[in-house]
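The values are calculated or read from the model by the stated rules, or taken from the named source; none is laboratory data. Everything numeric here is computed off the predicted structure, so don't read it as measured data. For neighbour counting, all protein chains shown are included, and Cβ atoms are generated from backbone atoms with ideal geometry for every residue, glycine included. Surface accessibility is based on the protein's heavy atoms, side chains included, excluding ligands, DNA and RNA. Shrake-Rupley method; radii C 1.70, N 1.55, O 1.52, S 1.80 Å.
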Amino acid sequence: MKLDAAALKRLAPAAVMVLLAGPIFLFMAADLIIFMVITRGRPAASAEVVNLSMEIVVCIFTGLVASYGIRSIMRTLKE
């Protein structure tokens with residue numbers, strides 16, 4: 001496959017999405033898993049619930065952004 005200037009212009013934003021959102025998603029997912037392991041079903045304080053809900057939202061959003069970037073890269077490379 002030949003990567004010309006037009007293909008690289010389409011790949012650049014998708015690569016930035018993956019490189020920025022991917023590690024954030026992995027960090028948030030690991031943080032959520034660690035939180036669940038540490039708490040082991042005990043009741044959480046209200047501050048923990050607020051932080052947990054924010055982390056879930058950020059994790060979902062960054063996962064969607066990273067997966068869209070990967071999908072865009074795959075689509076561009078397929079052409």
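Tell me, what is the percent relative contact order of the chain, built from C-alpha pairs under 8 Å that lie six or more residues apart? Mind dumping the intermediate values first?
Working: 49 pairs, mean separation 45.9, N = 79.
Relative CO of the chain lands at 58 percent.
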* Structure fact -> Yeah, segment 15-56 with a ≥ b ≥ c from its alpha-carbon gyration tensor (a/c under 1.5 is rounded, else prolate when a/b outruns b/c, oblate otherwise) is oblate
* Asked: In the chain, what percent of the accessible surface is made up of carbon and sulfur (1.4 Å probe, ligands and nucleic acids excluded)?
  -> 75
* Accessible surface, per residue, of the chain when the full set of protein chains is kept, probe 1.4 Å, Å² -> 74
* Looking only at segment 13-44, which residues have a backbone nitrogen under 13 Å from a spot 7 Å from the Cα of Leu52 in the C-beta direction? -> 32-44
* To do: Run the dipole for the chain about the Cα centre, Lys and Arg Cβ at +1, Asp and Glu Cβ at -1, nothing else charged, and hand back the magnitude in debye, nearest 20.
  => 320
* To do: Only loop residues by DSSP count here, and only those with at most 13 other Cβ atoms within 10 Å; note down the trypsin sites (Lys or Arg not before Pro) in segment 14-79 that meet that.
  => Arg40
* **Mean projection area, nm², convex hull over Cα of the chain** => 5.9
